[in-house]
Structure formats: C-alpha cells, structure tokens
Amino acid sequence: MADTTITILGTTGAGKTCYLVGMYYEMSAGMEGYTLTTDDDTDVKLQKLYDRLCDETLGMDRFPT
C-alpha cells in the first residue's frame, strides 16, 4: 500500500489542501480500522497546518495559499 497514489482535483481555493490536512488529522488517530501514517518531518508539517487551520484568530490567513 506504500506505493498508493491519491489524486485530488479542484480549482484554486476549492479546499483541497484543507480537506487533506483534516483527513490526515482524523485518520492518523485511526478510524474504523484504517489509519494514515507518514514520516516524522511530514507529520510535523501536517500537524502545524492543522493547528493553523483551527486558529480562528488568524482570520483568512489561517488557510493555506
């Protein structure tokens, strides 16, 4: 399964990155027998992106470019 490729399509600003970050956050803890894992560096990057998404004090700046 390590060689699985997932493609997400959508226009600029549609929320592709936000969707993937949210999915990673939920699935890294496990859900119905499924989990997502990655290397430590990528995990830290995704956790930081998720924390930023949740920080409503940033307004629109909380969303990735």
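The values are calculated or read from the model by the stated rules, or taken from the named source; none is laboratory data. Computed from a prediction, not measured in an experiment: that's the story for all the values here. Every residue, glycine as well, gets a Cβ built from its backbone with ideal geometry; the counts of neighbours run over all protein chains shown. Keep in mind that these areas ignore ligands, DNA and RNA; they rest on the heavy atoms of the full protein, side chains included. Shrake-Rupley method; radii C 1.70, N 1.55, O 1.52, S 1.80 Å.
Brief remarks on what is shown
- Residue list for region 18-30, filter: open to solvent by 80 Å² or more (accessible area, probe 1.4 Å) and over 22 Å from M60 (Cβ atoms): E26, A29
- For region 37-51, a residue qualifies if it is of a type outside the set (S, T, N, Q), farther than 18 Å from T65 by Cβ and assigned to a helix (DSSP H, G or I), and the qualifying residues are D40, D41, D43, V44.
- Enumeration of residues in region 36-59 that are open to solvent by less than 100 Å² (accessible area, probe 1.4 Å) and not acidic (D, E): L36, T38, T42, V44, L46, Q47, L49, Y50, L53, C54, L58, G59
- Close pairs from region 48-59: first modelled with pLDDT under 95, partner among the aliphatic types (A, V, I, L, M) and in a helix (DSSP H, G or I), Cβ under 6 Å, at least 6 apart: L49/V21; Y50/V21
- Against the conditions (1) over 20 Å from D3 (Cβ atoms); (2) more than 12 Å from the chain's Cα centre (by Cα); (3) not charged (D, E, K, R), Y34 satisfies every one except (1).
- From the options G15, G33, residue that is open to solvent by less than 70 Å² (accessible area, probe 1.4 Å) and on the phi > 0 side of the Ramachandran plot: G15
- Residue within region 10-19 that is basic (K, R), touching a helix residue (DSSP H, G or I) at 6+ places or on another chain (Cβ under 7 Å) and at pLDDT 90 or above present: no
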